[in-house]
1. If I ask for residues that are in a loop (DSSP other than H, G, I, E, B) and touching a residue at least 60 places away in the same chain (Cβ under 8 Å), which ones from the stretch 156-168 would you list?
2. What are the residue pairs meeting all of these: first residue in the stretch 34-49, first residue at positive phi, second residue of a type outside the set (Asp, Glu), Cβ atoms under 7 Å, and 6 or more apart or on different chains?
3. Give the stretch 189-224 a look and list any residue that's over 21 Å from Cys279 (Cα atoms) and touching a Pro at 6+ places or on another chain (Cβ under 7 Å), or say none.
4. Output the number of the condition that Ala189 fails; it satisfies all remaining conditions of (1) farther than 23 Å from Ala92 by Cα; (2) crowded, with 16+ Cβ neighbours inside 10 Å.
5. Among Leu228, Leu242, which is in contact (Cβ under 8 Å) with a residue 60 or more places away in the chain and under 19 Å from the mean Cα position of the chain (by Cα)?
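The values are calculated or read from the model by the stated rules, or taken from the named source; none is laboratory data. Bear in mind that the values here come from a model prediction, so they are computed numbers and not experimental data. Virtual Cβ from ideal backbone geometry, glycine too; neighbours counted across all protein chains shown.
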Amino acid sequence: MRDFSQGVEHLSINTATVKEQLALPAIIDACARRGIRAIDPWRDQVQAAGLQATARQLKDAGIGLSGYCRGGFFTASDAAGRRAALDDNRAAIDEAKTLSAPCLVLVVGALPGALQGSPTSKDISLARAHVYDGIAATLDYARGVGMPLAIEPLHPMQAADRACINTLEQALDMCDALDAGRTGMLGVALDVYHVWWDPKLASQIARAGADRLLAFHVCDWLIPTRDLLNDRGMMGDGIIDLKRLRGWVEAAGYTGFAEVEIFSNRWWSLPADETLDTCVARYQSTV
């Protein structure tokens, strides 16, 4: 395994980690001051700051991307909604390309209307079929511009409203069906918060290999977890065996960034400098 203890060479900050304290330009500046070489920004933050302005600031700061959040949400209650989702994903690909992202992260969507509290269908199999079709169509466009897509399987607690792809095995099955030649254009974003519990995790990481492992997100699972969306733990504060899991990922050939992504009301309530300094310290000691 790589030695993370002496620097921040392989650390990335997902900008959601301090989104409540800082706007994107200030996040970039704060990361640059700490020598952090990569971030993963969210589309709404980029929109607020301006796409071209963000690209210029990143270049001037010497900071790259570990991914771009996010595309996906392919499901909808009608064909018009699904076509709109495809258009939005093409726009996300174009933005990711402008920012020189290594991949566009896909949170694929689930039961139509569920995220808004009014599901129009209970057919999760149909939702998964629409996800398959949506990724297939989006992959055609992504190939044309050279932007890899990274499917992020989400914990089953979010199967109804955010993502009906819930295990690494499901995500890899979809990759194999749509990209049998393992071209590097379709893979996975592996977030420990969503997959740590999976009894097949070690074998599926090995199955993925370096050409499917496009992103690696770290945080921790707290006991108890008081909010399933916004109570992620700082690395080392919970029960995920992070070093063991990273060992599996690196044994499979992954050499990219360890991206800290923490949705947390607690860490959002603290000064951004404290949150970021703790991210650095736990990356060096715990990840």
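1. Cys164
2. If the second residue must be of a type outside the set (Asp, Glu), the pairs left are Gly35/Val8.
3. Leu214
4. It fails just one condition, (1).
5. Values: Leu242 fails: in contact (Cβ under 8 Å) with a residue 60 or more places away in the chain.
Exactly one of Leu228, Leu242 is in contact (Cβ under 8 Å) with a residue 60 or more places away in the chain and under 19 Å from the mean Cα position of the chain (by Cα), namely Leu228.
This table checks each residue for (1) closer than 20 Å to Leu106 by Cβ; (2) under 19 Å from the mean Cα position of the chain (by Cα); (3) modelled with pLDDT of 95 or more.
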{"residue": "Leu213", "(1), (2), (3)": "yes, yes, yes"}
{"residue": "Val218", "(1), (2), (3)": "yes, yes, yes"}
{"residue": "Ala281", "(1), (2), (3)": "no, no, yes"}
{"residue": "Val287", "(1), (2), (3)": "no, yes, yes"}
